[in-house]
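Engineer: Quick one: the structure is below, and I'll ask about it shortly.
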Protein chains: 2
Amino acid sequence: MNLLLLEEDDFVAADRALLRGRRLTHLHEVHRAAVGDQLRVGRLDGLMGRAILLRLEAGEAELTIELDQPPPAKLPLTLLLAVPRPKMLKRILQTVAAMGVEHLVLINSFRVEKSFWQTPFLAPEKIREQLILGLEQSRDTHLPHVTVEKRFKPFVEDRLPQLAAGTTALVAHPGPFPPCPRAIEGRVTLAIGPEGGWIPYEVEMLQAAGLTPVQLGERILRVETAVPALLARLF
Amino acid sequence: MNLLLLEEDDFVAADRALLRGRRLTHLHEVHRAAVGDQLRVGRLDGLMGRAILLRLEAGEAELTIELDQPPPAKLPLTLLLAVPRPKMLKRILQTVAAMGVEHLVLINSFRVEKSFWQTPFLAPEKIREQLILGLEQSRDTHLPHVTVEKRFKPFVEDRLPQLAAGTTALVAHPGPFPPCPRAIEGRVTLAIGPEGGWIPYEVEMLQAAGLTPVQLGERILRVETAVPALLARLF
């Protein structure tokens, strides 16, 4: 936790907040904080700044807050991601938030196991939990916008063309394609397939929606490695 | 497992191998392989190619092997990595092997918890297990060379200058440094610190050994995210 992220409900005045639960435990056990300590804080979807620890008890802490810095800019990116297996989903949600993705679309694909859709980690509040961990890690306050699309075809046919229009629109896919471009200016739409990759029909559908296939070399990377690798190359 | 990686001991003839244990279980349970199936195989530190499954039993499988393709080129990189926590170490070793790092130096740092050095995952055979999982993932046959340096100062003072000489030598560190360069030609030496980063004294020592500090933006990334991000940007 490199940033203590405060939510609306934590504030008892404009410059005063109370902490309980997970973040308080973290202050006690990891930060080993003491009264008078200065901490980096941010307000969810707001500014970042400093807090001074006024009071620290087993069950509650009180902070004075001064917020004056804007969070880092988001990546102007819509990331389409085939739903990964639950354990990987949690880590990827953290990575996506940490790296500053603006909009994440979790999408079905032929090679997504049906059981992955049953996971409790796809519930909005569970997704939000992981995104917040990512923001706390990287020091950001703005939650990515996450949408879940359980049906590939209607999304790709009916809505993706508008999302991709006017952006650098790419689908990452191993094969005889041009290498993924570097240091793109402007908005990007990027589709990353499941373990095992998109099936040819899906690549054709994504191409018809305006996405260009690009590859990242001969090596087959796990999705959780491919996501930071592709983002670091594109931006 | 996108590549079935065979070792010396698996071969019973130049073109014939027997499988048992983990890889056989994987053939049964994940690949659901059947006699006559063709599989992608590689020989550790050798060529890659195809195998035909001749015989498949509960406790053993027999394959004919034809090897004719070179593995992908390694990244001309010496990666110095402060020892991460055990759970992360396993994943990072897989990532390092999957991405094709040639030489990994696991090194001590002030912010590496002493307990991390007690983990059984630093034993050479445990490191090798994780590297092989990475090679199987990305389809490579050449193990990265891994060295473990428990003492920061003598390594950085006495041996790093020679390792770094004639390479693009960088230390990743948040701060007022130039951005990490892109698409480097030639050999690279890259140092990545622990969670919490290098301490200033360590950055000075690394600079004295010839490394230039570079940064990857305001966001603080976890080491397992920073590794693929930096590698994808550099190569």
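The values are calculated or read from the model by the stated rules, or taken from the named source; none is laboratory data. Because the structure is predicted, anything quoted here is derived from the model rather than measured. Here the Cβ positions follow ideal geometry from the backbone for every residue, glycine too, while neighbour counts run over all protein chains shown.
Engineer: Does segment A:155-171 contain at least one residue that is modelled with pLDDT of 95 or more, in a loop (DSSP other than H, G, I, E, B) and more than 18 Å from A:V105 (Cβ to Cβ)?
Structural biologist: No - not one qualifying residue is present in segment A:155-171.
Engineer: Another question, then. Please state which one of B:T25, B:T78 is assigned to a helix (DSSP H, G or I), more than 14 Å from every other protein chain (Cβ to nearest Cβ) and among the β-branched types (V, I, T).
Structural biologist: One residue alone meets the criteria, B:T25.
Engineer: Quick check on this structure: which one of A:L190, A:L221, A:L216 is under 30 Å from B:H31 (Cα atoms), within 14 Å of chain B (Cβ to nearest Cβ) and in contact with a Cys (Cβ under 6 Å, 6 or more places away or on another chain)?
Structural biologist: A:L216
Engineer: Inspect all residues belonging to segment B:31-45 and state whether any of them is in contact with a helix residue (DSSP H, G or I) (Cβ under 6 Å, 6 or more places away or on another chain), touching a residue at least 40 places away in the same chain (Cβ under 8 Å) and either assigned to a strand (DSSP E or B) or not charged (D, E, K, R) (or both).
Structural biologist: Within segment B:31-45, not a single residue is in contact with a helix residue (DSSP H, G or I) (Cβ under 6 Å, 6 or more places away or on another chain), touching a residue at least 40 places away in the same chain (Cβ under 8 Å) and either assigned to a strand (DSSP E or B) or not charged (D, E, K, R) (or both).
Engineer: Which residues, counting only those in segment A:188-231, are touching a residue at least 60 places away in the same chain (Cβ under 8 Å) and over 26 Å from A:Q162 (Cβ atoms)?
Structural biologist: Correct list: A:E195, A:G196, A:R222, A:E224, A:P228.
Engineer: Kindly indicate whether B:V146 is within 26 Å of B:M205 (Cα to Cα), among the hydrophobic types (A, V, I, L, M, F, W, C) and not in a loop (DSSP other than H, G, I, E, B).
Structural biologist: yes
Engineer: Would you mind finding the one in B:L75, B:L135, B:L79 that is under 21 Å from B:L4 (Cβ atoms), in contact (Cβ under 8 Å) with a residue 60 or more places away in the chain and buried (at least 16 other Cβ atoms within 10 Å of the Cβ)?
Structural biologist: B:L135
Engineer: Which is among the small types (G, A, S) and modelled with pLDDT of 95 or more, of B:A73, B:A58?
Structural biologist: Going through B:A73, B:A58 in turn, just one is among the small types (G, A, S) and modelled with pLDDT of 95 or more: B:A73.
Engineer: Right, something else. Among A:E157, A:E224, which is the only one that is out of contact with any strand residue (DSSP E or B) (no Cβ under 9 Å at 6 or more places or on another chain) and more than 22 Å from A:L89 (Cβ to Cβ)?
Structural biologist: A:E157
Engineer: Can you tell me which residue in segment B:87-105 is surrounded by the fewest Cβ atoms within 10 Å (Cβ to Cβ), limited to those that are of a type in the set (A, V, I, L, M, F, W, C) and within 11 Å of chain A (Cβ to nearest Cβ)?
Structural biologist: B:M88
Engineer: B:A232 passes all but one of (1) within 14 Å of chain A (Cβ to nearest Cβ); (2) in a loop (DSSP other than H, G, I, E, B); (3) at pLDDT 95 or above; which number fails?
Structural biologist: Failing condition for B:A232: (2).
Engineer: Taking the conditions exactly as written (in contact (Cβ under 8 Å) with a residue 40 or more places away in the chain, within 23 Å of B:L216 (Cα to Cα) and assigned by TED's automatic domain parsing to the domain that holds A:R222), does A:A98 satisfy them or not?
Structural biologist: Yes, satisfied.
Engineer: What single numbered condition from (1) modelled with pLDDT of 95 or more; (2) in the same structural domain as A:E224 (by TED's automatic domain parsing) fails to hold for A:L44?
Structural biologist: For A:L44, the exception is condition (2).
Engineer: Does at least one position in segment B:182-194 carry a residue that is acidic (D, E), buried (at least 19 other Cβ atoms within 10 Å of the Cβ) and within 21 Å of the chain's Cα centre (by Cα)?
Structural biologist: no
Engineer: Which members of segment A:132-158 meet the condition of being away from chain B (no Cβ under 14 Å) and closer than 30 Å to A:L39 by Cα?
Structural biologist: Once the filter is applied, which keeps residues that are away from chain B (no Cβ under 14 Å) and closer than 30 Å to A:L39 by Cα, segment A:132-158 yields A:I132, A:L143, A:H145, A:V146.
Engineer: So, one more: Would you be able to tell me the number of residues in segment A:193-213 that are part of a helix (DSSP H, G or I) and either under 16 Å from A:A169 (Cα atoms) or within 11 Å of chain B (Cβ to nearest Cβ) (or both)?
Structural biologist: Matching residues across segment A:193-213 total 7.
Each row is one residue, and each column tells you yes or no for (1) under 22 Å from B:L47 (Cα atoms); (2) without any contact (Cβ under 8 Å) to a residue 12 or more places away in the chain; (3) outside the structural domain of B:P200 (by TED's automatic domain parsing).
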{"site": "B:F110", "(1), (2), (3)": "no, no, no"}
{"site": "B:K114", "(1), (2), (3)": "no, yes, no"}
{"site": "B:F121", "(1), (2), (3)": "no, no, no"}
{"site": "B:T141", "(1), (2), (3)": "yes, no, no"}
{"site": "B:E149", "(1), (2), (3)": "no, no, no"}
{"site": "B:F155", "(1), (2), (3)": "no, no, no"}
{"site": "B:P161", "(1), (2), (3)": "no, no, no"}
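Engineer: Step by step: first the residues of segment A:123-139, then only those that are part of a helix (DSSP H, G or I) and out of contact with any strand residue (DSSP E or B) (no Cβ under 9 Å at 6 or more places or on another chain), then the one that is farthest from A:P86 (Cα to Cα). Which residue is that?
Structural biologist: In this case the residue turns out to be A:S138.
Engineer: Just name the residue that is nearest to A:H26 (Cα to Cα) out of those in segment A:57-72 that are within 14 Å of chain B (Cβ to nearest Cβ) and surrounded by 16 or more Cβ atoms within 10 Å (Cβ to Cβ).
Structural biologist: Checking each candidate, the answer is A:P71.
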